[in-house]
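Below is one structure, written out as C-alpha cells, with a few remarks after it.
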Amino acid sequence: MRAHDLSIRYPSRHPDSTVLPVNGVSFTVREGEILAIVGETGSGKSTLAATIAGHIGTGESGYPIIHGGSLSVFGRELRGATRKALDRTNFRIGYLPQDAGSFLAPRLTVGENVALPIFERDRRFNQTEAGKAVATLIDSVRLPLAMMNKYPHELSRGQRQRVAIARSLILEPEIFVADDPTSGIDVMVRDAILDTIRELQQQRSFSAVVVTPDLREVRFLSKSVLVMHRGVIVGNGLIDDVLDRPDHPYVEGLAVAWDHEAAPTHG
Ligand SMILES: Nc1ncnc2c1ncn2[C@@H]1O[C@H](COP(=O)(O)OP(=O)(O)OP(=O)(O)O)[C@@H](O)[C@H]1O
C-alpha cells in the first residue's frame with residue numbers, strides 16, 4: 001500500500017470552507033509489516049484508517065473522499081475508483097472500525113456474526129465450510145467454541161471485540177486495518193487483545209495498520225510508527241529514531257511523556 005501526498009475530506013455543502021482532516025500524507029506499508037499510527041484525538045487517524053481500508057464514498061455523507069494525491073492498494077489506484085472496484089479491493093482488506101465490538105448484529109449469534117462477510121461476498125457459500133472457518137477463527141481469537149451460539153449481549157466488551165476481530169479476518173485479508181482496537185476495553189484485557197492481533201499477524205502474515213492513541217501500544221505491536229497531528233504526518237520511521245530526533249513539538253511531547261513513563265520511579 002502506498003499513499004502519496006494523500007488528502008482526504010468529507011462531503012460538505014460548502015467544499016471551499018472544508019478543513020482537510022488528512023492533508024498531504026505520504027507513506028508505504030510493505031507486505032507482512034505492521035505499521036502503527038499514533039496521534040491525539042481529532043488528528044485524522046480514523047479518517048486515514050477508513051480510507052486505506054477502502055471505506056470511501058463517492059459522495060455519500062459520512063464517508064471520507066480522496067481529495068488529492070494518490071492511494072494505491074494492491075497496485076490499484078483507489079482515487080476515482082468505481083464502487084465495483086472498491087468492493088473488490090475491500091474484500092481483500094480486513095477493517096476493524098473503532099469500537100467494532102459494539103456494532104455486532106444483535107439478533108445474530110456470534111457464529112453468524114463472524115460468518116456474515118462470507119455470505120455477503122457469496123450468498124451460496126457452503127454452510128459447512130463457513131462453519132469450519134468460523135470455528136477456526138473463534139479459536140484463534142481465544143474464545144471458547146461454545147460461544148459461537150451465544151448472542152453479542154451475553155458477552156463481555158473484550159469478548160465482543162474479539163468477535164469483531166474474527167469477523168474482520170474471516171475472508172483471510174491480505175491487509176488488516178484496525179482502528180483503536182482496545183478502545184473502551186478494560187486495561188487488564190487490552191494487552192491480551194493486542195497479543196492476539198500480533199499472534200494472528202504472525203500466523204497469517206498479513207500486513208497491518210493499527211491506529212492507537214497510546215505509544216505503549218505502538219511499541220507492543222510494531223517497530224515503525226506514523227505520528228499524526230492535525231491531519232499531517234509529523235513523524236514517520238522506526239519508533240526510536242522518531243522519538244530520539246523529534247522534528248515537531250508534538251513528537252517532542254510524546255518523547256518526553258514516554259521518557260517519564262519508562263523512567264524508574266523513585267522513593
Ligand atoms: N463522518 C465525518 N464527517 C465529517 N467530518 C468528520 C467525520 N469524521 C471525522 N470528521 C472530522 O475529521 C477530523 C479528524 O477526525 P478523526 O476521527 O479522523 O480523528 P482521530 O484522530 O481518529 O480522532 P479520535 O482519536 O478521537 O478517533 C475531525 O475534525 C472530525 O471532526
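The numbers here are math on the coordinates, done by the rules we state, and not lab data. No experiment lies behind these values; they were computed from the predicted model shown. We place every Cβ from the backbone using ideal geometry, glycine too, and count neighbours over all the protein chains shown.
Label region 2-262 by shape, choosing from rounded, prolate and oblate, from the square roots a ≥ b ≥ c of the eigenvalues of the Cα gyration tensor; if a/c is under 1.5 it is rounded, and otherwise prolate applies when a/b is larger than b/c, oblate when it is not. Since a/c reaches 1.5 but b/c is at least a/b, the shape of region 2-262 is classed as oblate. Projecting label points 7 angstrom from Cα along Cα→Cβ for GLN203 and TRP258 puts them 3.0 nm apart.
Looking at region 2-262, the DSSP beta bridges with both ends there are about 50 percent antiparallel. For VAL209, the residues whose modelled amide H falls within less than 5 Å of its own, excluding neighbours fewer than 5 places apart on the same chain, are LEU35, PHE176, VAL177, ALA178. Computed from the Cβ-Cβ distance with R0 of 25 Å, the FRET efficiency linking MET188 to LEU238 stands at 0.25.
Pick out, in residue order, every one of the chymotrypsin sites (Phe, Trp or Tyr not before Pro) in region 96-171 that is DSSP loop and has at most 15 other C-beta atoms within 10 Å; say none if there are none. Walk me through the numbers on the way to the answer.
Working: sites: PHE103, PHE119, PHE125; in loops: PHE125.
Passing both the DSSP loop test and the Cβ count: PHE125.
Computed extension length for ARG30-SER70: 12.7 nm, one decimal, from 0.36 nm per residue of separation with the Cα-Cα distance subtracted.
Let a ≥ b ≥ c be the square roots of the eigenvalues of the Cα gyration tensor of region 83-163; is it rounded (a/c under 1.5), or, if not, prolate (a/b larger than b/c) or oblate?
Numbers: a/c = 1.92, a/b = 1.34, b/c = 1.44.
The shape class here is oblate.
Build a GNM of the chain with springs between Cα atoms under 10 Å: which of THR28, THR182, THR51 gets the top mean-square fluctuation? Per the Cα network of the chain with a 10 Å cutoff, THR28 tops the list. Simple spin-label estimate for ARG2 and ALA135 gives 4.4 nm between the two label positions (7 Å along the Cα-to-Cβ direction from each Cα).
Between HIS153, HIS55, HIS229, the residue with the greatest mean-square fluctuation in the GNM of the chain (Cα pairs under 10 Å linked by springs) is HIS153. Within region 176-210, find all residues whose amide N lies under 11 Å from a label point positioned 7 Å from the Cα of ARG142 along Cα-to-beta-carbon. Counting backbone N atoms under 11 Å from the label point, the list is 189-200.
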